[in-house]
Amino acid sequence: MRLPLTLGLLALLQVPPVQAQDQLSRKEALKYAFVLCADLKNLQSTAITTDVDIKQPAGVKAGGAGAMVLPEAKLSQESLSKAGDQVVPLGQLWLYRLTPMTDGKGVSSTLLHLVNVESEQQTATVVQCALGVKTGANGLELQVYGKAKAPLLTVPLKKVESQSSSPIGVTAERIGDNGKLTLKILGKYEASLMVTEIDL
């Protein structure tokens, strides 16, 4: 995907290392979202069908890495209540310099949907994951997808009461050499997944 990147995506992504997470401002998050989603083909090429609202992004950056979530356009408490055996789309998770972890290891880049963003002599590779919700044996589950129709990982959705300016908020914390992303969904649920440095 060749883009002019007039919004300065690479400059935003290549931040100096920091010890704690840095929540993206709305202005920064919108810059990420509009540039990353400029190619409609990439936006729609996820393992499950998603229709995201690029005007409602939320993201974090830390240590030169970053994560952003884009919620499903029609995400609501009612849509989540319909989750059963069939997956209900939740949105998309975009990762920079990170990969999800499963069984204590980072998911191989060969299993991920990678999007290359280029500008003149600079290139950034980002991971695009579709997110879905279905009902499992113990209640609602978040499913994270890479290339395949089967999810890369499944984590439980916990009922919580939280505040967020976006339908899906995201926070991050460092745990040893890895990180934990927590998605806060509609102020009613949250789900956490581990991430680590990607090997490209």
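Bear in mind that the values in this text are calculations on the coordinates, not laboratory data. What you see is a predicted model, and the numbers here were worked out from it, not measured in a lab. All Cβ positions, even for glycine, are placed from backbone atoms using ideal geometry, and neighbour counts span all protein chains on display.
Computed values, structure above
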{"quantity": "In sequence order, calculated HN-Hα J values of segment 147-155 (Karplus, 6.51, -1.76, 1.60; Hz; x Gly/Pro)", "calculated": "6, 7, 6, 7, x, 5, 7, 10, 10"}
{"quantity": "Residues whose placed amide H lies under 5 Å from that of Leu112, excluding near-sequence neighbours", "calculated": "Lys147"}
{"quantity": "Linear extension gain, Ala137 paired with Lys41, 0.36 nm per residue minus alpha-carbon span", "calculated": "31.1 nm"}
{"quantity": "Most to least packed among 32-38, 173-179 [average Cβ atoms within 10 Å]", "calculated": "32-38, 173-179"}
{"quantity": "By average C-beta atoms within 10 angstrom, highest first, the peptides 193-200, 142-149, 68-75", "calculated": "68-75, 142-149, 193-200"}
{"quantity": "Among the listed pairs Lys27/Lys134; Lys31/Lys184; Lys147/Lys188; Lys31/Lys74, those beyond 24 Å (Cα-Cα)", "calculated": "Lys27/Lys134; Lys147/Lys188"}
{"quantity": "Helix 26-36 axis, angle to the chain major axis (alpha carbon atoms, nearest 10°)", "calculated": "80 degrees"}
{"quantity": "Distant alpha-carbon pairs in segment 9-197 (separation over 24 angstrom), percent", "calculated": "32 percent"}
{"quantity": "Nearest-0.05 FRET efficiency for Thr49 and Ser108, computed from C-beta distance (R0 22 Å)", "calculated": "0.35"}
